[in-house]
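The values are calculated or read from the model by the stated rules, or taken from the named source; none is laboratory data. Since the model is a prediction, treat every value here as computed from it, not as a measurement. Cβ coordinates were reconstructed from backbone atoms using ideal geometry, including for glycine residues, and neighbour counts include every protein chain displayed.
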Amino acid sequence: MNGMGDTGSGAGRGAGRPRRPSPRFSVVLLVLAGLVAWVGFTGLEQGLRAARGEGVPGVFVASSLTCVQHPGHESCTCNGTFTGAGGGEPRGVYLHAAGRDTCQEGARIPAVDAGASNRVYGPDGSREWILSSLVLAACLAVVGGVAVNWVRHLRRSAPFRAVNHREDTGR
């Protein structure tokens, strides 16, 4: 028994016929891919602005550094305040991609606010757009995989329809 209710002898329902992909699974997969693509696309715009250094220029003043050791590297978060070049009230944010050498308490670091609510970017910009691009590429691969699966099924089942049609009409 192959787990599908077939005996595996070819005597079961649809013997010799290619299995049809699950429409429900395909729809769920496409909806999930669409939602993940939406998240990736919204992050791509901000990531590209940050990479190009577009946004409100200003100054980030570091107040604290928190680092976590991971196998092979260290990840740090540099907290502080950002004030736009035009002045205004400083707001609490963190400096994206800051390390121990960049973030020292009281340091004034040129930064750009690219539109994120809780972070600003240093003068070197950001490579966040790469992750967003990879997410979008993965979503396209999923959509393409579902489409290829259905096209294969339709191509394989076409001869069966032609044979069954000839048998039904007597030709």
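Annotations for the structure displayed:
- Residue within segment 110-124 that is part of a strand (DSSP E or B), of a type in the set (D, E, K, R) and surrounded by fewer than 13 Cβ atoms within 10 Å (Cβ to Cβ) present: no
- Complete set of residues in segment 71-88 that are touching a strand residue (DSSP E or B) at 6+ places or on another chain (Cβ under 8 Å), outside any loop (DSSP other than H, G, I, E, B) and of a type outside the set (V, I, T): E74, S75, C76, C78, N79, G80, F82, G84
- Check on V68, touching an Asp or Glu at 6+ places or on another chain (Cβ under 8 Å), under 22 Å from G47 (Cβ atoms), assigned to a strand (DSSP E or B) and not charged (D, E, K, R): no
- The combined condition, being closer than 16 Å to F82 by Cα and loosely packed, with under 12 Cβ neighbours inside 10 Å, is not fulfilled by R155.
- Contact annotation: residue pairs with Cβ atoms under 6 Å, 6 or more positions apart or on different chains, pairing a residue in segment 62-82 that is free of Cβ contacts under 8 Å to residues at least 12 places away in the same chain and among the hydroxyl-bearing types (S, T, Y) with a partner that is in a strand (DSSP E or B) and surrounded by fewer than 16 Cβ atoms within 10 Å (Cβ to Cβ), are S75/V68.
- Qualifying residue in segment 96-106 (condition: of a type outside the set (S, T, Y), at pLDDT below 90, part of a loop (DSSP other than H, G, I, E, B) and touching a helix residue (DSSP H, G or I) at 6+ places or on another chain (Cβ under 8 Å)): no
- Extreme residue, surrounded by the most Cβ atoms within 10 Å (Cβ to Cβ), among residues of segment 1-43 that are basic (K, R) and modelled with pLDDT under 90: R20
- Close Cβ contacts (under 7 Å, 6 or more residues apart or on different chains) running from residues in segment 29-53 that are within 12 Å of A138 (Cα to Cα) to residues that are among the small types (G, A, S) and surrounded by 19 or more Cβ atoms within 10 Å (Cβ to Cβ) comprise G40/S132.
- A137 vs. criteria modelled with pLDDT of 90 or more and exposed (fewer than 13 other Cβ atoms within 10 Å of the Cβ): yes
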